[in-house]
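The values are calculated or read from the model by the stated rules, or taken from the named source; none is laboratory data. Source: prediction; values computed, not measured. Here the Cβ is made from the backbone with ideal geometry for all residues, glycine too, and neighbour counts use every protein chain on show. When the accessible area is computed, the model is the full protein with side chains, heavy atoms only, and any ligands, DNA or RNA have been set aside. Shrake-Rupley method; radii C 1.70, N 1.55, O 1.52, S 1.80 Å.
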Amino acid sequence: MKIYFHLNIDTFSNTYVVVDEHSKCAVIIDPGKPTNEVLKQIETDGYTLCAALITHNHEDNIRGLTTLRRIYDLRTYAADIDVACTAETTIKGEGILKFGGITVEYFSLPGHTADSIVYKIGTVLFTGDVISAGEIGSTSSSYANDLLCNGIQAKIFTQSDDTVIMPSRGPMTSVNAERMYNLAAASPQIQQKNFFSGL
């Protein structure tokens, strides 16, 4: 398995292409803008683009879907049916998807958005805006923030230390680094304790 990273300069968002060299199957994650580099990589190496995986329904993550659907016969997987387009590719909760030799685990992690999904391929988490290096996704209320932090603690920080985090924005990081240094992702109880200790 190989993972290719592409930065969309227009939006400063990340797109990832995961490929299985044996089956020649490729999966694209958050195709914000299908640049010439992305398309050339798929075409030059002879990969078949099998699926698009969307972490959440924000324009920066889905802008390229229309173009990709014109070029490739690919299925889109997302928690939002308007993005996924069909009930068969609308995913909820947690589960497993398989594309050629690529096995994708997924789980819901709401808080930043109601439809936020995290994908796990091998020892790599594609987290969208749920968590990035030193930050977590923006939330609309204290309830949503608590929901997000609790989800991160339960579903991301329980992964092995060397699990790599590849977010929609910013550099890649690791579960161990974020568990140790990402204060924004601390449980609400710890955040409250830190807040009052600073008064």
### Task
Work out, step by step, the length gained on full extension between Ile9 and Tyr181: first 0.36 nm times the residue separation, then minus their alpha carbon distance; give nm to one decimal.
59.2 nm
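Counting only protein heavy atoms and a 1.4 Å probe, tell me what percentage of the stretch 1-154's accessible area is made up of carbon and sulfur. Don't skip to the end; give the middle numbers.
Values: 3440 of 6980 Å².
The nonpolar share, carbon plus sulfur, comes to 49 percent.
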### Query
At what distance in angstrom do the alpha carbon centres of the stretch 41-83 and the stretch 121-155 lie from each other?
23
### Task
May I ask you to list the chymotrypsin sites (Phe, Trp or Tyr not before Pro) in the stretch 1-46 that are in a DSSP loop and have at most 16 other Cβ atoms within 10 Å of their Cβ?
Phe12
### Query
Quick one: which of 134-141, 65-72 comes out on top by average Cβ neighbours within 10 Å, and what's the full order, highest first?
134-141, 65-72
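Could you give the length gained on full extension between Lys92 and Gln153, defined as 0.36 nm per residue of separation minus the Cα-Cα distance, in nm?
20.0 nm
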### Summary
For the stretch 1-68, the per residue accessible area (1.4 Å probe, Å²) is 44
### Query
So how many Lys-Lys pairs in the chain land under 17 Å Cα to Cα, not counting same-chain pairs under 8 apart?
10
### Query
Hey, what does the equivalent ellipsoid look like for the stretch 121-177, semi-axes from the Cα gyration tensor as sqrt of 5 times each eigenvalue, largest first, whole Å?
19, 13, 8
### Query
Taking the Cα centre of the chain as the origin, how large is its charge dipole in debye, to the nearest 20, when only Lys and Arg (+1) and Asp and Glu (-1) carry charge on their Cβ atoms?
60
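Assuming a ≥ b ≥ c are the square roots of the Cα gyration tensor eigenvalues, decide whether the stretch 1-107 counts as rounded (a/c under 1.5), prolate (otherwise, with a/b larger than b/c) or oblate.
oblate
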### Task
Take the alpha-carbon positions of the chain, form their convex hull, and give its projected area averaged over all directions (one quarter of the hull surface) in nm².
11.2
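Between Thr103 and Glu21, what length in nm is gained on full extension when 0.36 nm per residue of separation is reduced by their alpha carbon distance?
Numbers: separation 82, 0.36 × 82 = 29.52 nm, distance 1.35 nm.
Gain on extension, Thr103 to Glu21, equals 28.2 nm.
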### Task
Add +1 for every Lys or Arg and -1 for every Asp or Glu among the other residues with Cβ under 13 Å from the Cβ of Gly101, and state the total.
+1
### Task
Have a look at the stretch 24-87 and give its Rg and Dmax from the Cα atoms, expressed in angstrom.
11.2, 33
### Task
Over the alpha-carbon set of the stretch 83-177, divide Rg by the Kirkwood Rh and report the Rg/Rh ratio to two decimals.
0.96
### Spin-label model distance (nm) - Leu39 vs Ser142, 7 Å beyond Cα toward Cβ
5.0
